[in-house]
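Structure record follows, encoded as structure tokens.
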Amino acid sequence: MQFNLQKILKALLFSTSEPLSIKDVQAVITRYHDKSSQSETSAAGTGTGGTEIRTGKEALSEENGQGLMKTLIDQVPSLLTSTQIRDAMDAIASELIEKKEVYRMVQGPKGYRLSVHPDYSGWVRLFREEPRPLKLSPASMETLAITAYRQPITRAEVESIRGVSSDSSLNTLLEHELIVVTGRAELPGRPLQYGTTDKFLEFCGIRSAEELPASDVLSPNQLSEWIREASGPKRELQDSDMGLAKD
């Protein structure tokens, strides 16, 4: 049997419902070599307590078996780099897409896992008698987007941007564990601050908040400016604000 990293990764992915991290794979390789070293040591020490008479055919068979085992061990690298594992995972993901398999590779904040393709997820839900997936209201989605791009953020800051009360939306997001209280702001009253969770990253299919698409509307600088303007004193509109020429 030849060492094939992609097939081994597939076997590991199929064997667990938990995300498979790069460190998990590296730990498996380390354990493989540790077990192999123990086996070699045990084999070398066999027969030291007495004399064992073997025929020439038995000795040759044992020698060939040890040689084969040594060849297999030598094929497995003692260390797999993160890049090698990522490249192999990417190749598996591309293969699943190319072959139009019913499952696909998903990379989340905690590692890789296999997931049923969305086209077939309805059948799986029917089989398991599970409810339809989480669907957020427009208000909750808006609140979640603002939190994701501006985190950590307070309820007052969210409401300054949205212009309406956000208590219900925040409670819904907390209930579904898409956001969490991250601390308190250094402001009067020490209001709670909110941020997104790993479940949010899985909900969006990304590994970190840095992978969120750039948005001119929700850029941190603009959000900060809107918050300052909404929180500060209102000024009267000038002719220039309405596109009128100055006298």
Open item on the list: For region 138-165, which positions are part of a loop (DSSP other than H, G, I, E, B) and within 25 Å of the chain's Cα centre (by Cα)?
Closed with: Q151, P152
Open item on the list: Can you say whether G50 is in the same structural domain as S94 (by TED's automatic domain parsing) and at pLDDT below 65, as far as the supplied structure shows?
Closed with: no
TODO: Return yes when S94 is within 27 Å of S15 (Cα to Cα), of a type in the set (S, T, N, Q) and assigned by TED's automatic domain parsing to the domain that holds S15 and no when it is not.
DONE: yes
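Return the residues of region 166-196 that are out of contact with any Asp or Glu (no Cβ under 6 Å at 6 or more places or on another chain) and either polar (S, T, N, Q) or assigned to a helix (DSSP H, G or I) (or both); say none if nothing qualifies.
Pass one, region 166-196, residues out of contact with any Asp or Glu (no Cβ under 6 Å at 6 or more places or on another chain): 167-196.
Hits for region 166-196 are D167, S168, S169, L170, N171, T172, L173, L174, E175, T182, Q193, T196.
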TODO: Return the pairs, sorted by first residue and then second, in which the second residue is of a type in the set (S, T, N, Q) and modelled with pLDDT under 95, the first residue lies in region 14-29 and is closer than 16 Å to Q107 by Cβ and part of a loop (DSSP other than H, G, I, E, B), the beta carbons are less than 9 Å apart, and the residues are 6+ apart or on different chains.
DONE: P19/Q107
- [ ] List the number of the failed condition for F200; all other conditions in (1) in a helix (DSSP H, G or I); (2) surrounded by fewer than 15 Cβ atoms within 10 Å (Cβ to Cβ); (3) at pLDDT 60 or above hold.
- [x] (2)
Task: Looking only at region 120-166, and only at residues there that are among the acidic types (D, E) and exposed (fewer than 12 other Cβ atoms within 10 Å of the Cβ), the one that is nearest to D198 (Cα to Cα) - done: E130
Open item on the list: Just the residues that are loosely packed, with under 12 Cβ neighbours inside 10 Å and of a type in the set (D, E), please, taken from region 168-193.
Closed with: E175, E186
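The values are calculated or read from the model by the stated rules, or taken from the named source; none is laboratory data. Just so it is clear, the model here is predicted, and its values are computed rather than measured. Note: ideal-geometry Cβ built from the backbone for every residue, glycine included; neighbour counts use all protein chains shown.
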